[in-house]
Amino acid sequence: MLTCSTTILEIMALAFTKNHAFLLIGPLWVSLCLVLSCKNKGNPRVSEQLQAAPPTLEENIIWPKPDSKIGGIPVYDQFAHLEPLFRFSNDTTYVVNFWATWCKPCIQELPYFEQLHAGAKNDKLKVVLVSLDFPKKLESTLVPFVQKRGLQSPVLVLLDGKYNDWIDKVSPDWSGAIPATYIYKGAKSHLVGKPFENYEELKETVQPFL
């Protein structure tokens, strides 16, 4: 039985299929698009790699397209498909929280992230909640949970079970336990590998990045 002290490395048995993402380029670049599509005609991944950012995030960043959606929640089968989220180099601070519905400390601190998100409407700050819930629990547990709580922060799902391959790509300081929060702005980053006790603690941790 999994508990919140269970590390991600201990549940590495899960693995999932690959998919593609794509970039939707604006009409002003039609000519360039035609040239590139001809040049890379034999490689469909080139033309289907990334898409524009969803409305909840900045419009001038490239946002990875999900492999699927469930209950309106974007689902990523592989970390590589979501990795651009951790590589943005603009002047925005990103607060990425890893959580799951089966993790009690995760649930307890969610209101703090919601409060941070609500107060960041005029700031260069984006809160993203990355769920690590199991595939069989998405429709029966995660979707109703998000709907019942009325979560306003963007919620994503990452299903990549090869945890040992991507945990260090988020941060070498991450043990694999959740909750965990990765905060970064450009090249500056910080990993918090424990739950926040209150909103003030979260706010104080994020403040140096603003």
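The values are calculated or read from the model by the stated rules, or taken from the named source; none is laboratory data. Being a predicted model, the structure only gives us computed values, none of them experimental. All Cβ positions, even for glycine, are placed from backbone atoms using ideal geometry, and neighbour counts span all protein chains on display.
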- Which residues, taken from the stretch 38-91, are over 28 Å from Lys136 (Cβ atoms) and either modelled with pLDDT of 95 or more or among the aromatic types (Phe, Trp, Tyr) (or both)? Phe88
- Task: Look through the stretch 173-205, keep the residues that are out of contact with any Asp or Glu (no Cβ under 8 Å at 6 or more places or on another chain) and aliphatic (A, V, I, L, M), and return whichever of them is surrounded by the fewest Cβ atoms within 10 Å (Cβ to Cβ).
- Result: Ala187
- Task: Collect the residues in the stretch 75-99 that are of a type outside the set (S, T, N, Q), part of a loop (DSSP other than H, G, I, E, B) and within 21 Å of Asn164 (Cβ to Cβ), keeping them in residue-number order.
- Result: Asp77, Arg87
- Subset of the stretch 115-160 that is among the hydroxyl-bearing types (Ser, Thr, Tyr) and part of a helix (DSSP H, G or I) - its residue that is surrounded by the most Cβ atoms within 10 Å (Cβ to Cβ): Thr141
